[in-house]
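Asker: Starting off with a structure, shown below.
The values are calculated or read from the model by the stated rules, or taken from the named source; none is laboratory data. Keep in mind that this is a model prediction, so the values were computed, not measured. Glycine gets a Cβ as well: all are built from the backbone with ideal geometry, and neighbour counts include every protein chain shown.
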Amino acid sequence: MSLPWPNFNTWHRITEEDRAAVSSVITQLLAHGALLGEEGRNRELYLLAREYQHEIAEYLAALQIDLIADPDKPIFHARPIQADCGLVARFNKAETLLVLTLWRMFHDSRMASVTETVIVTANDVWQQLKLYFETIAPPTESHLREMLNRLRGRRLVRIQSPEAPAQFGETQIEILPTLPRVIPFEDLSAWEEQTTLYRQAGDETTEQEPV
């Protein structure tokens with residue numbers, strides 16, 4: 001898939017007073033892959049991005065990045081267009097397994113409930129990692145924490161830590177709708193095909209302690 005070359009003549013519509021904010025919108029989209037517009041300054045940027053959605057989409061199209069507006073939440077997602085789902089390659093193996101696990105948890109939760117918000121715990125994630133990839137040693141607590149923080153930086157999850165630092169397993173993780181768009185499987189069979197590739201790889205790491 002190739003996005004159309006932009007017609008930047010339309011950019012004259014962006015007023016002088018809005019240009020710095022539009023620049024901030026594009027910076028967030030390129031730096032984090034998404035703009036979460038639920039509160040504060042980001043809410044203002046989201047509303048501005050809606051007003052100039054066409055112009056911002058044109059700019060990103062030159063980089064072969066598709067601008068996607070979430071239909072249910074105030075989120076814009078910038079997704080690179082690559083035939084082989086190249087964003088998966090940006091994750092190392094352990095991170096890819098985590099993203100695949102979160103994708104399945106998001107999918108199953110949305111299928112079982114009408115709620116738009118999907119929240120799980122770190123313990124839930126660790127248990128599902130063991131279930132889906134039983135031949136591969138699951139991550140340690142510190143490694144899982146590190147990977148989740150990286151996904152948070154990419155605007156793929158939100159994290160609410162428990163009051164007691166030692167209770168990491170109770171950490172609440174909101175899986176944002178931006179995550180399934182990073183690896184946009186059409187259905188569960190496509191997900192299963194991808195995960196099978198990792199299951200067949202076997203256990204390449206030493207056994208590690210659970211969360």
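Asker: Starting from segment 133-153, take each residue that is aromatic (Phe, Trp, Tyr) and list its partners that are at pLDDT 90 or above, counting only C-beta distances under 7 angstrom and pairs at least six apart or across chains.
Answerer: So the pair list comes out as 133/97.
Asker: So, of the residues in segment 39-84 that are touching a Ser or Thr at 6+ places or on another chain (Cβ under 7 Å) and of a type in the set (D, E, K, R), which turns out to be modelled with the lowest pLDDT?
Answerer: Once the filter is applied, the top-ranked residue is 58.
Asker: Within segment 160-173, is there a residue that is out of contact with any strand residue (DSSP E or B) (no Cβ under 7 Å at 6 or more places or on another chain), closer than 19 Å to residue 103 by Cα and modelled with pLDDT under 90?
Answerer: no
Asker: Right, something else. Does segment 188-204 include one or more residues that are among the polar types (S, T, N, Q), at pLDDT below 85 and closer than 29 Å to residue 67 by Cα?
Answerer: Yes, there is a match, as at least one residue in segment 188-204 is among the polar types (S, T, N, Q), at pLDDT below 85 and closer than 29 Å to residue 67 by Cα.
Asker: Same structure again: Does residue 34 meet the test of being in contact (Cβ under 8 Å) with a residue 60 or more places away in the chain and not hydroxyl-bearing (Ser, Thr, Tyr)? It would help to see each step written out before you state the result.
Answerer: Working: in contact (Cβ under 8 Å) with a residue 60 or more places away in the chain: yes; not hydroxyl-bearing (Ser, Thr, Tyr): yes.
So residue 34 passes the test.
Asker: Got a number for residues in segment 152-181 being under 22 Å from residue 79 (Cβ atoms) and either of a type outside the set (A, V, I, L, M, F, W, C) or exposed (fewer than 14 other Cβ atoms within 10 Å of the Cβ) (or both)?
Answerer: Of the residues in segment 152-181, 10 are under 22 Å from residue 79 (Cβ atoms) and either of a type outside the set (A, V, I, L, M, F, W, C) or exposed (fewer than 14 other Cβ atoms within 10 Å of the Cβ) (or both).
Asker: Only one of these is in contact (Cβ under 8 Å) with a residue 12 or more places away in the chain and among the charged types (D, E, K, R): 43, 19. Name it.
Answerer: Every option except 43 fails the conditions.
Asker: Quick check on segment 161-177: of everything there that is over 26 Å from residue 69 (Cβ atoms) and charged (D, E, K, R), which residue is nearest to the chain's Cα centre (by Cα)?
Answerer: 170
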